[in-house]
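The values are calculated or read from the model by the stated rules, or taken from the named source; none is laboratory data. Remember, it's a predicted structure, so these values are computed and weren't measured experimentally. So basically every Cβ, Gly included, is an ideal-geometry build from the backbone, and we count neighbours across all protein chains shown. Heavy atoms of the whole protein, side chains included, go into the accessibility calculation; ligands, DNA and RNA do not. Shrake-Rupley method; radii C 1.70, N 1.55, O 1.52, S 1.80 Å.
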Amino acid sequence: MSTTPDGENEKGPVIVITGTPGTGKSTHAQLLADESPVTLQHLNVGDWVKENGLYDQYDEEWQSYTVDEDRLLDSLEPVVAYGGVILDWHTCDIFPERWPDLVVVLTCDHTRLWDRLEKRGYPLKKIQENNEAEIMQVVLEEARASYPAEIVVELKSETMEDLESNVARVVEWINAWKREH
């Protein structure tokens with residue numbers, strides 16, 4: 001958070017980085033937080049859910065938590081209202097339309113994604129489901145259906161060059177956002 005010449009606090013943008021598991025959300029979000037021209041807090045929503053007990057149960061078969069979405073949104077509201085946050089999660093459509101200034105959807109070739117999820121030790125059923133979701137562009141379609149077209153950006157996330165280029169592009173967007181706000 002920066003301060004204007006008259007001492008007023010200046011909110012940073014709220015950026016959602018989303019995509020199928022394995023597309024590089026957390027890596028992008030942390031690098032963006034490190035390189036941003038304004039202070040941005042990287043908030044991994046999955047970790048936030050676990051740390052704050054914002055789930056109903058743990059599903060052993062899928063190795064994932066069943067999130068209590070109402071409690072999650074209530075807990076995130078003050079953080080988002082303050083601004084200057086990157087929300088990193090595998091879905092975005094539960095976030096109110098008023099929250100994000102930018103929604104970045106990371107995509108990846110499904111064969112690369114398969115390899116990444118295998119390396120993480122995901123069960124075959126979970127790899128197949130996530131791979132199918134990526135092929136069908138589920139997260140991208142959710143973002144497009146939930147937010148104005150002008151704030152949704154699809155970025156390929158397959159190589160280190162993609163990562164660097166994507167972060168540089170979002171940094172440029174932040175600079176433009178700062179000028180407008």
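Of the options ALA133, VAL85, SER36, report the single residue whose Cα projects farthest towards the positive end of the charge dipole of the stretch 14-176 (beta-carbon charges: Lys, Arg +1; Asp, Glu -1).
SER36
What ranking of LEU54, LEU124 comes out by heavy-atom accessible area, probe 1.4 Å, highest first?
Sorted descending by solvent-accessible area, the residues read LEU124, LEU54.
So how tilted is helix 160-180 from the main axis of the chain? Cα-based, degrees 0 to 90, rounded to 10.
Orientation of helix 160-180: about 30 degrees from the principal axis.
Out of the GluC sites (Glu not before Pro) in the stretch 82-156, which ones are loop residues according to DSSP with at most 13 other C-beta atoms within 10 Å?
GLU97
For the stretch 121-140 and the stretch 49-67, write down the distance between their C-alpha centroids in whole Å.
Going from one Cα centre to the other spans 18 Å.
With the other protein chains left in place, how much accessible area per residue, in square angstrom, belongs to the chain at a 1.4 angstrom probe?
Ligands and nucleic acids excluded, the figure is 53 Å² per residue.
Average projected area of the Cα convex hull of the chain, in nm²?
10.6 nm²
Tell me the angle of helix 69-82 to the major Cα principal axis of the chain, expressed in degrees between 0 and 90 and rounded to the nearest ten.
30 degrees
What's the carbon and sulfur percent of the stretch 14-176's accessible surface, probe 1.4 angstrom, rounded to a whole number? Each step should come with its number before you reach the end.
On the way: 3810 of 8210 Å².
Answer for the stretch 14-176 is 46 percent, counting heavy atoms of protein chains only.
Which lysines have a Cα lying under 22 Å from the Cα of LYS125, excluding residues fewer than 8 positions away in the same chain?
The reachable lysines, counting only those whose Cα sits under 22 Å from LYS125, are LYS25.
In percent, what relative contact order does the stretch 14-176 have, based on Cα pairs under 8 Å that are 6 or more apart in sequence?
Values: 227 pairs, mean separation 57.3, N = 163.
Averaging sequence separation for qualifying contacts and normalising by length gives 35 percent for the stretch 14-176.
Compute the acute angle (0 to 90°) between the alpha-carbon long axis of helix 124-135 and the principal axis of greatest extent of the alpha-carbon atoms of the chain; round to the nearest 10°.
50 degrees
I'd like the FRET efficiency for GLU77 and ARG179, computed as 1/(1 + (r/R0)^6) with the beta carbon distance as r and R0 of 35 Å, rounded to 0.05.
Values: r = 27 Å, r/R0 = 0.78.
According to the calculation, E is roughly 0.80.
Please report, for the Cα atoms of the stretch 122-181, the Rg to one decimal and the Dmax as a whole number; what are they, in angstrom?
Expressed in Å, the Cα Rg and Dmax of the stretch 122-181 come to 15.1, 47.
When DSSP beta bridges are limited to those with both residues in the chain, what percentage is antiparallel, rounded to the nearest 5?
25 percent
Greater than 32 Å separation of Cα atoms is the criterion. Which listed pairs, LYS11/LYS156; LYS11/LYS126; LYS50/LYS156; LYS126/LYS178; LYS156/LYS178, meet it?
Pairs exceeding 32 Å: LYS11/LYS126; LYS126/LYS178.
Compute the relative contact order of the stretch 14-100 as a whole-number percentage, counting only Cα pairs closer than 8 Å that sit 6 or more residues apart in sequence. The partial results should precede the final answer.
Numbers: 104 pairs, mean separation 41.0, N = 87.
That works out to 47 percent.
If each DSSP helix of 4+ residues adds -39,500 (n - 2.57) and the sum is divided by the residues in the chain, what number results at 222 nm, nearest 500 deg cm²/dmol?
-14500 deg cm²/dmol
Based on Cβ point charges of +1 for Lys and Arg and -1 for Asp and Glu, what charge dipole magnitude is obtained for the stretch 43-181 about its Cα centre, in debye rounded to the nearest 20?
Computed charge dipole of the stretch 43-181: roughly 380 debye.
Hey, how many Å between the Cα centroid of the stretch 81-118 and the Cα centroid of the stretch 167-181?
Answer, in whole Å: 18.
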